[in-house]
2 protein chains.
Amino acid sequence: MPDHAPPAGKVVPVTRILAEYAAAASPETLPAPVRKEAARTFLNWLGCAIGGCRHEAVDAAIAALSPFAGPGRSVVAGRTERLDPLNASLINGISSHVFDFDDTHLRTVIHPAGPVASALLAYAGVQPISGRDFVNALVVGIEAECRIGNAVYPEHYDVGWHITGSVGAFGAAAAIGRILGLDGERMAWALGIAASQPVGLREMFGSMTKSFHPGRAAQNGMTAALLAAKGYTSSPQALEAKRGWMNVLSTRHDAREITEGLGSQFEILANTYKPFACGIVMHPVIDACIQLREEHGVDAGSVRSVALRVHPLVLELTGKTAPQSGLEGKFSIYHAAAVALTEGDGGEEQFSDRAVNDPAIVALRGRVNATVDTAMPADAAQVVLTRTDGTTTEIRIDHAIGSLARPMSDRDLERKFTGLAAPHLDDDAIRRLIDLCWRLEALDDVSLIAEASTR
Amino acid sequence: MPDHAPPAGKVVPVTRILAEYAAAASPETLPAPVRKEAARTFLNWLGCAIGGCRHEAVDAAIAALSPFAGPGRSVVAGRTERLDPLNASLINGISSHVFDFDDTHLRTVIHPAGPVASALLAYAGVQPISGRDFVNALVVGIEAECRIGNAVYPEHYDVGWHITGSVGAFGAAAAIGRILGLDGERMAWALGIAASQPVGLREMFGSMTKSFHPGRAAQNGMTAALLAAKGYTSSPQALEAKRGWMNVLSTRHDAREITEGLGSQFEILANTYKPFACGIVMHPVIDACIQLREEHGVDAGSVRSVALRVHPLVLELTGKTAPQSGLEGKFSIYHAAAVALTEGDGGEEQFSDRAVNDPAIVALRGRVNATVDTAMPADAAQVVLTRTDGTTTEIRIDHAIGSLARPMSDRDLERKFTGLAAPHLDDDAIRRLIDLCWRLEALDDVSLIAEASTR
């Protein structure tokens with residue numbers, strides 16, 4: 001790899017450094033664990049995209065936009081429609097995020113695959129992409145978005161940006177730019193065009209527009225790369241300039257996060273996969289409630305109260321006390337605890353309209369209290385259950401399942417994929433897709449996976 | 001009109017109030033001066049879109065995106081291609097802004113027509129739109145974007161947002177939403193989806209990405225309206241919420257600007273049209289230099305120095321001392337003064353690569369100095385020319401031509417349109433288009449204008 005250490009000087013040209021890296025990144029130099037994690041990331045993403053493919057948000061987006069879509073060579077995972085790659089990026093990005101079940105870069109709460117894999121799979125419908133190039137571009141895209149995220153987190157998120165959407169276009173631009181073979185100058189333009197179209201306000205959480213964010217980021221990044229490839233110019237210092245992305249969209253940044261270790265340390269190794277179909281901040285509580293139920297049994301009728309001690313973000317993000325729909329349930333830690341204690345799981349079924357309006361779960365939810373503990377790590381939680389007879393049971397989770405310290409195994413990921421895909425594809429197709437994902441790097445043409453993911 | 005006065009309460013639901021206005025706005029109630037200004041706005045916009053249609057930025061964007069565009073019923077002004085309405089919005093928005101010659105809402109430096117008219121003309125390729133409905137939707141869209149701009153200017157602009165792109169999607173969403181007949185709830189969703197995809201960093205000024213901003217805003221707003229029409233949900237308080245658009249994208253806002261006088265006072269009446277093909281902040285200096293040349297004659301060889309006294313924004317936005325291209329020349333007040341003194345004009349020809357690299361103009365540019373005067377109004381400037389023999393001539397412009405105090409006449413607008421369109425359409429076509437624009441309101445189907453604007 002070339003040396004990406006920044007030259008001396010006051011403002012480091014990080015846009016150009018990142019662009020040069022993305023333009024030159026080669027599959028030859030990727031360490032084996034990185035390639036392995038890329039396959040895990042892609043398998044997890046594809047399962048989510050197939051799982052969400054019949055959600056009403058996806059139906060609405062296809063109904064709205066397909067009349068205007070271009071020649072249909074790119075697949076919509078799990079469905080029969082073919083769309084142009086820009087629209088396919090958007091739709092696959094929506095479906096992969098609509099269950100809040102996709103991957104998480106814990107340090108920044110970015111969902112890395114959505115913007116990048118959605119764009120890449122769609123572009124595989126336009127030109128043949130080998131598995132090696134696909135993996136390389138996936139890694140490059142995730143580096144770009146997560147490193148930019150690292151540079152501005154948490155302030156950028158605190159301002160109110162849904163970081164997956166606001167950094168996602170960088171990831172898609174870098175990944176598609178790599179596939180298009182952009183040189184450093186055009187790659188910098190692609191990043192610049194991406195910088196000018198951030199997507200996603202946190203205010204949208206709880207509405208369909210949340211899942212629009214990674215999809216639109218994928219589409220915006222692909223648009224940026226396509227434009228740059230044809231000579232559409234942009235600022236070559238879009239990130240670091242006085243009125244560049246980092247200054248405009250964050251109150252603080254550390255640009256060294258973008259350049260240090262670039263090409264030798266990989267953010268994809270910090271990617272995690274959710275066992276539960278909701279925001280990562282809820283996972284420790286759900287894990288605790290499931291373990292509590294499995295180890296001690298829980299009779300909802302005899303529960304007087306459930307006391308949660310949680311990381312501050314839990315109440316900031318998921319403090320809805322009276323969710324009305326499955327989607328709103330994903331933003332209610334009270335519902336999450338109640339349904340996990342009742343049903344012993346946290347899958348999409350536990351965040352359905354049915355579950356959120358189940359009278360027994362609604363009643364139990366009303367007896368759940370939550371307290372913020374600023375000393376509580378993000379992947380930890382404590383739950384104390386008090387019964388009507390006064391007895392209590394307490395459980396503390398130090399690292400929720402799915403965290404970096406307790407990662408999902410390959411077998412766990414296959415099970416999750418199967419559960420998500422089962423309503424949409426038959427067993428043989430699911431088995432074949434899982435096999436293809438594990439062999440991703442060896443494929444001559446990734447469109448094999450794209451084709452196998454449709455009905 | 002319904003009463004749009006906000007109810008009492010701490011946070012006024014301005015998104016919903018604006019949505020209800022946009023959903024209910026009727027052509028019946030538009031005052032005559034508003035309808036007249038809509039025709040002037042549209043004529044000026046169409047001339048700019050035709051004028052820019054062969055710019056290399058437009059060529060690059062069409063080359064990049066047309067392979068993926070959908071069924072081609074929407075025109076690209078001045079050209080032969082047909083595209084789907086989303087891509088046509090983008091391309092027309094780029095071409096209408098690429099000369100920096102489009103309209104200006106002076107209070108906010110928003111270019112109102114770009115995002116709104118680009119979307120509307122493109123949508124006229126999808127369904128018949130009467131002139132009355134077109135004018136009504138144009139007014140509604142401009143109200144939405146300019147009122148939101150008023151609420152956050154200048155802080156939002158100071159943060160670094162290119163306000164035309166960042167508020168433009170609201171305008172396009174409201175306009176297309178009105179054409180689609182969205183009810184108040186869906187119109188609010190459309191505004192919400194628009195809020196989540198602001199476009200445009202000021203860092204992009206001087207590159208092709210600047211003109212991408214109004215085009216992408218048009219496309220984003222149309223996308224938002226199309227999605228909302230099919231039930232794609234969003235936050236109904238996207239503007240005013242704690243993590244809504246105003247709080248996230250500005251350091252201050254006054255939401256009363258959005259609601260006060262809504263439906264009875266019209267921002268389109270404050271729209272202005274540029275006599276010169278560059279940023280509005282340069283116009284007083286160019287006006288002064290042209291008058292100085294006309295009244296006193298200027299022999300560049302005998303000029304020792306040219307001293308400009310200008311509003312602070314002039315040097316902040318157009319302080320480039322050594323522009324290399326026509327586009328960069330639009331961000332150099334030094335070039336603008338030199339070329340206006342030399343050639344007596346400030347048209348696209350004066351901001352060409354030829355003019356910027358003309359040795360005599362380059363030499364004169366090196367003798368231009370500029371001083372900020374914080375007491376100088378935005379539409380004023382002073383120029384003092386000192387000759388090698390020591391004599392000086394001074395001129396002060398209180399209101400530049402094209403400002404609200406000295407508006408372009410209908411005849412001026414026709415002349416400007418003709419100059420812009422002449423390289424692309426024949427005289428008969430230009431005459432016919434001007435006539436159609438003045439009769440805009442009376443047309444049964446605005447696609448007549450769309451068709452007449454193509455080669």
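Each reported figure results from applying straightforward, stated rules to the coordinates on display, with no laboratory input. Because the structure is predicted, anything quoted here is derived from the model rather than measured. Positions of Cβ are generated from backbone atoms using ideal geometry, with glycine treated the same way; all protein chains shown enter the neighbour counts.
In a shell of Cβ-Cβ distance under 11 Å around A:I129, excluding A:I129 itself, what net charge do Lys and Arg (+1) and Asp and Glu (-1) give?
Neighbourhood net charge equals -1.
What are the ³J(HN,Hα) values, in whole Hz, obtained from phi via the Karplus relation 6.51 cos²θ - 1.76 cosθ + 1.60 with θ = phi - 60°, for each residue of the stretch B:411-417 in sequence order, with x given for Gly and Pro?
3J(HN,Hα) across the stretch B:411-417, in whole Hz: 5, 4, 5, 5, 4, 4, 4.
Ranked highest first by the average count of other Cβ atoms within 10 Å around their residues, in what order do A:211-220, B:226-235 fall?
Ranking, from highest mean packing down: A:211-220, B:226-235.
Taking the Cα centre of the stretch B:280-397 as the origin and placing charges on Cβ (Lys, Arg +1; Asp, Glu -1), which of B:V285, B:T392, B:H296 is farthest toward the positive end of the dipole?
It is B:T392, whose Cα lies furthest towards the positive end.
As I understand it, the value is the acute angle between the Cα axis of helix A:32-51 and the longest principal axis of the Cα atoms of chain A; what does it come to in degrees, rounded to 10?
Here the helix axis deviates by roughly 60 degrees.
Need the C-alpha centroid separation for the stretch A:375-454 versus the stretch B:169-203, integer Å.
Between the Cα centres of the stretch A:375-454 and the stretch B:169-203 lies a distance of 37 Å.
Taking R0 as 41 Å, what's the FRET efficiency between B:D426 and B:R107 from their Cβ-Cβ distance, rounded to 0.05?
It comes out at approximately 0.60.
If I model a spin label at A:A375 and A:E295 as a point 7 Å from the Cα along the Cα→Cβ vector, what separation in nanometres do I get?
Here the answer is 2.1 nm between the modelled labels.
Could you work out, residue by residue across B:190-200, how many beta carbons of other chains sit within 10 Å of that residue's beta carbon, and then give the average as an integer?
6
At 7 Å along the Cα-to-beta-carbon direction for both B:A32 and B:S305, put a label point, then send me their distance in nm to one decimal.
5.4 nm
Out of residues 5 or more away from A:A370 or on other chains, whose amide H comes under 5 Å of its own, with H placed 1.01 Å from N in the peptide plane?
Amide H to amide H, under 5 Å and 5 or more residues apart or across chains, A:A370 pairs with A:L308.
Hey, what did the stretch B:1-143 get for relative contact order, percent, Cα under 8 Å, at least 6 apart? Let's see the in-between values first.
On the way: 173 pairs, mean separation 36.4, N = 143.
Reported relative contact order: 25 percent.
May I ask for the angle, rounded to the nearest 10°, between helix B:333-343 and the longest principal axis of chain B, with both axes built from Cα atoms and the value confined to 0 to 90°?
Once rounded, the angle reads 70 degrees.
Run the numbers on the stretch A:69-206 and let me know its relative contact order in percent, using alpha-carbon pairs under 8 Å that are six or more apart.
The value is 22 percent.
What FRET efficiency comes out for the pair A:D59/B:V362, r = Cβ-Cβ distance, R0 = 45 Å, nearest 0.05?
Efficiency, from the Cβ-Cβ distance: 0.15.
Sequence neighbours fewer than 8 away in the same chain don't count; with that in mind, list the aspartates and glutamates whose C-alpha is under 16 Å from B:K36.
B:E28, B:D103, B:D133, B:E143, B:E267, B:D410, B:D412, B:E414, B:D435, B:E441
Given the -39500 (n - 2.57) contribution per DSSP H run of 4+ residues, what per-residue ellipticity at 222 nm results for chain A, rounded to the nearest 500 deg cm²/dmol?
-15000 deg cm²/dmol
Name the shape class, rounded, prolate or oblate, that the alpha-carbon gyration tensor gives for the protein assembly as shown, where a ≥ b ≥ c are the square roots of its eigenvalues, rounded holds for a/c under 1.5, and otherwise prolate holds if a/b is larger than b/c and oblate otherwise.
Prolate, since a/c reaches 1.5 and a/b exceeds b/c.
Let me check against my output: what whole-number percent is the relative contact order of chain A, with C-alpha pairs under 8 Å and at least 6 apart?
RCO, chain A: 21 percent.
Could you give the size of the charge dipole of chain A about its Cα centre, using +1 on the Cβ of each K and R and -1 on the Cβ of each D and E, expressed in debye and rounded to the nearest 20?
700 debye
Helix B:85-97 against the longest principal axis of chain B: what's the angle in degrees, Cα atoms only, rounded to the nearest 10?
20 degrees
How about the stretch B:1-109: which trypsin sites (Lys or Arg not before Pro) there lie in a loop by DSSP and see at most 11 other Cβ atoms within 10 Å?
B:K10
In a shell of Cβ-Cβ distance under 12 Å around A:D254, excluding A:D254 itself, what net charge do Lys and Arg (+1) and Asp and Glu (-1) give?
-1
For A:T321 and B:K10, what is the calculated FRET efficiency with R₀ set at 30 Å and r taken between the beta-carbons, to the nearest 0.05?
Efficiency, rounded to the nearest 0.05: 0.90.
What nm value, rounded to one decimal, do you get for the distance between A:T418 and B:E349 when each label is placed 7 Å out toward the C-beta?
7.6 nm
How much net charge surrounds B:N150 when only the other residues with a Cβ under 14 Å from the Cβ of B:N150 are counted, with Lys and Arg +1 and Asp and Glu -1?
-3
Students often forget the sequence filter, so: which lysines lie under 29 Å Cα-Cα from A:K330 once same-chain residues fewer than 8 apart are removed?
Result set, ordered by chain and number: A:K210, A:K274, A:K320, A:K416, B:K10, B:K230, B:K242.
Hey, which residue of B has the C-beta nearest the axis mapping B onto A, and what's the distance in Å?
Chain B residue with minimal Cβ-axis distance: B:G70, 2.
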